[in-house]
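**Q** Can you read through this structure? Questions will come right after.
The values are calculated or read from the model by the stated rules, or taken from the named source; none is laboratory data. These figures come from a predicted structure and were not determined experimentally. Because the Cβ atoms are built from the backbone with ideal geometry, glycine has one as well, and the counts that use them run over all protein chains shown.
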Amino acid sequence: MLLGHPAHEGRKVRLSYCLNLHPADSLEGLYSGLGNVTEPLHARLAPGREFSVGMYLPATLARRLASDADALRELRAWLGSHGLDPSTFNAFPYGGFAHIGLKEGVFAPEWWSAERLQYTLDVAQVAARLLPALGTRRHVSISTHTGAHSSRVLPVELDSTRRAVFANWVAVASQLARIEREQGTRIVLSAEPEPRSLTETCAALGEVFARERELRREQPESQAAIARHLGVCLDTCHAAVEFEPADARWRTGLAASGAGIGKLQFTSALAVLDPQGNEFGRRALLELDEARYLHQVTGQGPDAVARAGDLSELRAGWAEPQSAWHGCTEWRCHFHVPVDLDALGASGLSTTRDYADRVLALQLAAPELWPSDELHVEIETYTWDVLPREARGAGELVDGLEREYRHVLAVLAAAGWTPA
């Protein structure tokens, strides 16, 4: 969905949702999800107009499309005939995204592996060939993780591992520069900070960018590739869980480092306010412990900070009377919930919706600081099948997605951005 602003001629917002909420390992599954979910949503929200989609291709499917020109042409033709615009891609989960027991395995293979590089380049090649589906030439964003789950790296190895990962990003960026020269499509690989990953916050990733660009100050080709083809994927759920400030430091810190926002994933986390006194909220959060996705938790108070890698770890920490969890005034959990909700019924659980609204509004207020003419905004609530009933709301999946879109469109409209 394309949006513009009368005061910002030449700048556009592309709003989409990520297909990883109905992941497919085959072309048949991909077409099924597009037909059963994406198309009905398109008909409700943008009938007769183009509709952006956040593509998710696991490694096997990305390899198939990258090596099968006929299948790729058919997909491009199908997307074009249905008015669907593949403007952004998610290359974070390598495969098996909805499988029981995935957890930290979502980070495998790590960014020091040949498999991760090949997967990312396969997605990039597919993206470059799909983008002209609607007869346009512009840029496409691809999100990925910052290197690995933190359990895979010893503390003394953090800096050296980040340097090695960044070197591989630069290698990919050089290939993206080649794709742009040969095919005319600019691709921006956007690294996504996440709690308990190699680089957890946007602030920390900005520092990595600043340091690595300084180390390459005598390498003009690398500098150019970094500036044009590398960026940050700002996930508002992840940033909220890390209690990153939702203020102008987004602009000044990242802009100063040269790490522009390549993509903004509009997502909400769960929150427990006053966990010491909010027994209902505590219990409701711990009851959401499930076997597919990671649910990292951060607690913060005047004199306390606590971190858990998953809800089971939080449960164990809370059972210790002297743990820092008891001194926190708020807990935030990496459990994506519908972005239109500010609370989960009467469960005692709140959400970080207002935080996401503020971060998006900040980006919309300064389009001159975007690293390209477009801001890609992607709704990524992939947890629908593990959400409690009160979080899913009335109706079917498409109804819930429509409510999410309506909320984000209202935030955009409040800032003057309306469908183009």
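**Q** Would you check if there is a residue in region 81-97 being assigned to a helix (DSSP H, G or I) and crowded, with 18+ Cβ neighbours inside 10 Å?
**A** no
**Q** Right, something else. May I ask you to verify whether Ser174 is out of contact with any strand residue (DSSP E or B) (no Cβ under 7 Å at 6 or more places or on another chain), touching a residue at least 24 places away in the same chain (Cβ under 8 Å), closer than 21 Å to His229 by Cβ and hydroxyl-bearing (Ser, Thr, Tyr)?
**A** Here the answer is yes, as Ser174 does meet what is asked.
**Q** Something else now. Just one of (1) assigned to a helix (DSSP H, G or I); (2) surrounded by 16 or more Cβ atoms within 10 Å (Cβ to Cβ) trips up Asp354, so point out which.
**A** Unmet condition: (2).
**Q** For the condition farther than 20 Å from Val172 by Cβ, under 16 Å from the mean Cα position of the chain (by Cα) and among the small types (Gly, Ala, Ser), what is the one hit in Ala204, Ala246, Ala269, Ala255?
**A** None of the other options fit; the residue is Ala269.
**Q** Taking region 379-397, which residues are among the β-branched types (Val, Ile, Thr) and either at positive phi or surrounded by fewer than 16 Cβ atoms within 10 Å (Cβ to Cβ) (or both)?
**A** none
**Q** Return the residues of region 177-201 that are assigned to a helix (DSSP H, G or I) and surrounded by 22 or more Cβ atoms within 10 Å (Cβ to Cβ); say none if nothing qualifies.
**A** Of everything in region 177-201, nothing turns out to be assigned to a helix (DSSP H, G or I) and surrounded by 22 or more Cβ atoms within 10 Å (Cβ to Cβ).
**Q** Can Asp399 be described as in a helix (DSSP H, G or I) and modelled with pLDDT under 95?
**A** So Asp399 does not fit the description; no.
**Q** Among the residues of region 364-401, how many are touching an Asp or Glu at 6+ places or on another chain (Cβ under 6 Å) and of a type outside the set (A, V, I, L, M)?
**A** Counting residues in region 364-401 that are touching an Asp or Glu at 6+ places or on another chain (Cβ under 6 Å) and of a type outside the set (A, V, I, L, M) gives 0.
**Q** If you don't mind, there's one more thing I want to ask. Would you confirm whether or not region 393-410 contains a residue that is out of contact with any helix residue (DSSP H, G or I) (no Cβ under 9 Å at 6 or more places or on another chain) and farther than 21 Å from Thr38 by Cα?
**A** no
**Q** Now, a different point. When you check Ser174 against the structure, is it modelled with pLDDT of 95 or more, under 23 Å from Arg63 (Cβ atoms) and surrounded by fewer than 19 Cβ atoms within 10 Å (Cβ to Cβ), yes or no?
**A** So Ser174 fits the description; yes.
**Q** Please find, among Val123, Val153, the residue that is surrounded by 17 or more Cβ atoms within 10 Å (Cβ to Cβ), in contact (Cβ under 8 Å) with a residue 24 or more places away in the chain and within 17 Å of the chain's Cα centre (by Cα).
**A** None of the other options fit; the residue is Val123.
**Q** Do we find a residue being of a type outside the set (Lys, Arg) and within 21 Å of the chain's Cα centre (by Cα) anywhere in region 280-288?
**A** no
**Q** Hey, another quick one. Take region 260-285 and flag every residue that is outside any strand (DSSP E or B) and either surrounded by fewer than 16 Cβ atoms within 10 Å (Cβ to Cβ) or basic (Lys, Arg) (or both).
**A** Scanning region 260-285 gives Asp274, Gln276, Gly277, Glu279, Phe280, Arg282, Arg283.
**Q** Right, another one. Scanning for something of a type outside the set (S, T, N, Q), part of a helix (DSSP H, G or I) and under 24 Å from Trp384 (Cα atoms), does region 248-256 turn up at least one residue?
**A** no
**Q** Six or more apart or on different chains, Cβ under 9 Å: which pairs go from a residue in region 89-100 that's over 16 Å from Ile187 (Cβ atoms) to one that's among the β-branched types (Val, Ile, Thr) and at pLDDT 95 or above? Could you list them?
**A** Pro93/Val106; Tyr94/Val106; Gly95/Thr60; Gly96/Val106; Phe97/Val106
**Q** Considering each residue of region 1-30, count those that are assigned to a helix (DSSP H, G or I) and within 18 Å of Tyr382 (Cα to Cα), and give that number.
**A** Result for region 1-30: 5.
**Q** Quickly run through region 29-72 and pick out the residues that are modelled with pLDDT of 95 or more, charged (D, E, K, R) and over 23 Å from the mean Cα position of the chain (by Cα).
**A** Arg44, Arg64, Asp68, Asp70
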